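Everything below concerns the one structure shown next.
All of the numbers you see were taken from the coordinates with simple rules; none came from a lab. From a predicted model like this one, the values you see are computed outputs, not experimental measurements. Here the Cβ positions follow ideal geometry from the backbone for every residue, glycine too, while neighbour counts run over all protein chains shown.
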Amino acid sequence: MSGARIPPSGAVNEQRLWQRHADMAKLGGTPKGGVNRQALSPEDAAARNQLAAWAKARGFATFTDPIGNLFVRRDGIDADANPVMSGSHMDSQPTGGRFDGMYGVLAAFEALEALEDAGIRTRRPVMAVAWTNEEGSRFQPGAMGSAVFAGHYRLDEMLAQKDWKGVLLEDALAETLKAAPTPLRAGPPGFPVDSYVEAHIEQGPRLENENKTIGVVTAIQGSRRYIVTVEGEEAHAGTTPRAARKDAYAAATRIAAAMYAATTDAEDTLRFTIGRVEVAPGSPNTVPGKVTFTIDMRHPQDAVLETHERTLKAIVAAKAAPCPAALERVTNVAPTDFDPKVIGLVREKAQALGLSNMDMPSGAGHDAMHIARLCPAGMIFVPCERGISHNESENATPQDLAAGTRVLVEVLEALANR
Ligand code: GLV
Ligand code: MN
Ligand code: MN
């Protein structure tokens, strides 16, 4: 059997992949076993340096673009062919897990290494990417790097964003790139990409409940984010009678209660979350003068989101008195349908590898939703323990992570040899 071709999935190294997750988990690691590696923080810079060091050790070129997306490139035979790309994000929620995003980056990097180890040359280059600020936790909006790359968000507008402490994104990005220097690709962000495949933990319980290893992702539901601002009047908590109060927090709770009621659908399909509330001045004995809170709302159908947006606006108008209040939309990402050929390829490769699989839509947002508007794209999910994510206890097995990566590298090789 000498000379038999080793498929690239045969060169995926489960132990190496798992160790890389452990190494990355130290960067921003929290006492509860999760990570706090928010976008453009020193911990994010450390993760970038780590990925670049691994790339250098394998002889892969690395570069960044003006929004800080970090690319790793394995050359193809045809120097002019557009690359096949795979990746995800290395930033985390403030109390995030070790796998959300990082798995997609490390799976892509493992795919490059597996191709290298199997001695496989592809026609097209294959690239791994770590997109900047997917979480949108520190800087809004999320999936920022991929959206700028795809031309959906303007670079200058993103550089002007501030975090909740007032730090300018442009400054945080400059600090990060100073701490993690990588050659900068000149010119505006974005370049032609042949196709894109992103691996990710499912972040929900379906694969585990159905005892399946691979999720063949068909679509991503639409999502919109808002900020509600309620203006009150600061006053003494002990002396101010009810009629004279303009209590911004009392108004915000009336608004929030009405919104929860209006978004509780019988089918349990609409997702409505108030994830951040700021009460100013934040003193126990001063009536709150200002409240801001965020809303994250998602549904597979854009028309449903549109209807509910009108309802939310009406609630703000109806429930705020005596406090002026406003609802501002921050992002609006339409539902994404992935490319039927890429979906078919993921399913075919999972089956060929003997891995149980099921088609499923994604409830979470991913960078793939922006890149899917540039080129044929798809995603691969693997199970995570009890479906828990955006939580420090997020967990996945080395076997499942490797299985998803085996599917990924087979899909990437097929795409790169078209
Ligand atoms: C990404 O983390 C999302 O909020 O879906
Ligand atoms: Mn993610
Ligand atoms: Mn996330």
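Listed by chain and number, the aspartates and glutamates whose alpha-carbon sits under 15 Å from that of Lys246, ignoring those within fewer than 8 places in the same chain, are Glu231, Glu233, Glu234.
For the stretch 151-269, the square roots a ≥ b ≥ c of the C-alpha gyration tensor eigenvalues yield an a/c of 1.5 or more together with a/b not exceeding b/c, which makes the shape oblate. What spacing in nm lies between the two simple spin-label points modelled at Glu348 and Glu231, each 7 Å away from Cα in the Cβ direction? If labels sit at Glu348 and Glu231, their model points lie 6.0 nm apart.
Prolate is the label for the stretch 222-333, because the ratio a/c of its alpha-carbon gyration tensor axes (a ≥ b ≥ c) is 1.5 or higher and a/b is greater than b/c.
Scaled against the 2.2 N^0.38 Å expected of a compact globular protein of N residues, the Cα radius of gyration of the chain reads 1.04.
When DSSP beta bridges are limited to those with both residues in the chain, what percentage is antiparallel, rounded to the nearest 5? Numbers along the way, then the final one.
Details: 45 of 67 bridges.
Bridges in the chain are about 65 percent antiparallel.
Can you give the net charge of the other residues whose Cβ lies under 9 Å from the Cβ of Ile201, counting K and R as +1 and D and E as -1?
Details: positive: none; negative: Asp100, Glu202, Glu394, Asp400.
My count for the surroundings of Ile201 gives -4.
Which entries in the list Lys165/Lys313; Lys162/Lys290; Lys26/Lys162; Lys26/Lys341; Lys162/Lys212 go over 30 Å, if you measure between the two C-alpha atoms of each? Present the calculation step by step, with values, prior to reporting the outcome.
Details: Lys165/Lys313 27 Å; Lys162/Lys290 19 Å; Lys26/Lys162 27 Å; Lys26/Lys341 38 Å; Lys162/Lys212 41 Å.
Listed pairs above 30 Å: Lys26/Lys341; Lys162/Lys212.
In this structure the amide hydrogen of Ala219, modeled in the peptide plane, comes within under 5 Å of the amide hydrogens of Phe338, Ser362, none closer than 5 places in sequence on its chain. Rounded to the nearest whole Hz, the Karplus-based 3J(HN,Hα) values (6.51 cos²θ - 1.76 cosθ + 1.60, θ = phi - 60°) of the stretch 233-245 follow the sequence 9, 5, 7, 6, 5, x, 10, 8, x, 3, 5, 8, 7, with x at glycine and proline.
Annotation: peptides 378-385, 182-189, 252-259, 114-121, ranked by per-residue average of other Cβ atoms within 10 Å with the highest first, follow the order 378-385, 252-259, 114-121, 182-189. 3J(HN,Hα) couplings calculated from phi for the stretch 138-154 with the Karplus curve 6.51 cos²θ - 1.76 cosθ + 1.60 (θ = phi - 60°) are, in sequence order, 7, 10, 9, x, x, 6, 6, x, 5, 5, 5, 4, 7, x, 8, 10, 7 Hz; Gly and Pro show x.
Kindly provide the helix-only [θ] at 222 nm of the chain, computed as the sum of -39,500 (n - 2.57) over DSSP H runs of four or more divided by all residues, to the nearest 500 deg cm²/dmol? Can you show the working numbers first?
Details: 12 runs with 140 residues, N = 418.
Calculated from helices alone, the mean residue ellipticity at 222 nm is -10500 deg cm²/dmol.
Computed from phi, the 3J(HN,Hα) profile of the stretch 120-136 under the Karplus parametrisation 6.51, -1.76, 1.60 (θ = phi - 60°) reads 9, 9, 9, 5, 8, x, 10, 10, 9, 9, 10, 6, 6, 6, 6, 5, x Hz, with x in place of Gly and Pro. Multiplying the residue separation of Ala22 and Glu170 by 0.36 nm and removing their Cα-Cα distance gives an extension gain of 50.3 nm. Paramagnetic label reach from Arg123 (point 7 Å along Cα→Cβ; backbone nitrogen cut-off under 19 Å): within the stretch 390-416, residues 409-416.
Descending by average beta-carbon neighbour count within 10 Å, the peptides 357-370, 339-352 line up as 357-370, 339-352, the highest first. Overall shape: oblate for the stretch 1-66, with the ratio a/c of the largest to smallest alpha carbon gyration tensor axis at 1.5 or above and b/c at least equal to a/b.
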